[in-house]
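K.L.:
Next up is a structure, given as structure tokens.
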Amino acid sequence: MTPTVPANAGLQALIDKAVADLAQRLTVSTNEIALLEAKSVTWPDSSLGCPQKDMVYTQVLTPGYLILLEHDGTTYEYHASSGNTVTTCVNPSPPVPGSPGNT
């Protein structure tokens, strides 16, 4: 798979944040993490597709990014806001169909 290259510096900063988080979680070097894809999407609410039990989220379409990373054959999904929030979740929800980068 050919990785999608980020088009802006803001997205690159989010990718760097996700890579650093995954490297820390796996106790590996950031050089061992590969970017598979990074694309602009719209999340269905402010949970960024990572709702947590007993939490309440603003029910508004939320622009952000989907970042897919890979290490040792395993793909890891990170969701990001258009600001500086980057998160990974156990049971991710998909972005809104037909959103940017998802058509």
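K.L.:
Name, by its number, the condition in (1) open to solvent by less than 60 Å² (accessible area, probe 1.4 Å); (2) under 20 Å from residue 95 (Cβ atoms); (3) within 13 Å of the chain's Cα centre (by Cα) that does not hold for residue 19.
P.N.:
(2)
K.L.:
Going by the conditions given, is residue 19 at negative phi, in contact with a helix residue (DSSP H, G or I) (Cβ under 7 Å, 6 or more places away or on another chain) and not charged (D, E, K, R)?
P.N.:
Considered against the rule, which asks whether it is at negative phi, in contact with a helix residue (DSSP H, G or I) (Cβ under 7 Å, 6 or more places away or on another chain) and not charged (D, E, K, R), residue 19 comes out as yes.
K.L.:
For residue 80, are the conditions met, namely being in contact with a helix residue (DSSP H, G or I) (Cβ under 8 Å, 6 or more places away or on another chain), crowded, with 16+ Cβ neighbours inside 10 Å and either under 22 Å from residue 97 (Cα atoms) or of a type in the set (S, T, N, Q) (or both)?
P.N.:
Against the criterion (in contact with a helix residue (DSSP H, G or I) (Cβ under 8 Å, 6 or more places away or on another chain), crowded, with 16+ Cβ neighbours inside 10 Å and either under 22 Å from residue 97 (Cα atoms) or of a type in the set (S, T, N, Q) (or both)), residue 80 qualifies.
K.L.:
Tell me, which strands (runs of 3 or more DSSP E) lie completely within region 9-85 with 1 or more residues that are touching a strand residue (DSSP E or B) at 6+ places or on another chain (Cβ under 7 Å) and in contact (Cβ under 8 Å) with a residue 60 or more places away in the chain?
P.N.:
34-43, 74-81
K.L.:
Of everything in region 36-47, what is aliphatic (A, V, I, L, M) and open to solvent by 10 Å² or more (accessible area, probe 1.4 Å)? Give them in sequence order.
P.N.:
36
The values are calculated or read from the model by the stated rules, or taken from the named source; none is laboratory data. What you see is a predicted model; the values in this text were computed from it and never measured. Note that each Cβ is placed from the backbone with ideal geometry, even for glycine, and that neighbours are counted across all protein chains shown. Side chains included, ligands, DNA and RNA excluded: accessible areas come from the protein's heavy atoms. Shrake-Rupley method; radii C 1.70, N 1.55, O 1.52, S 1.80 Å.
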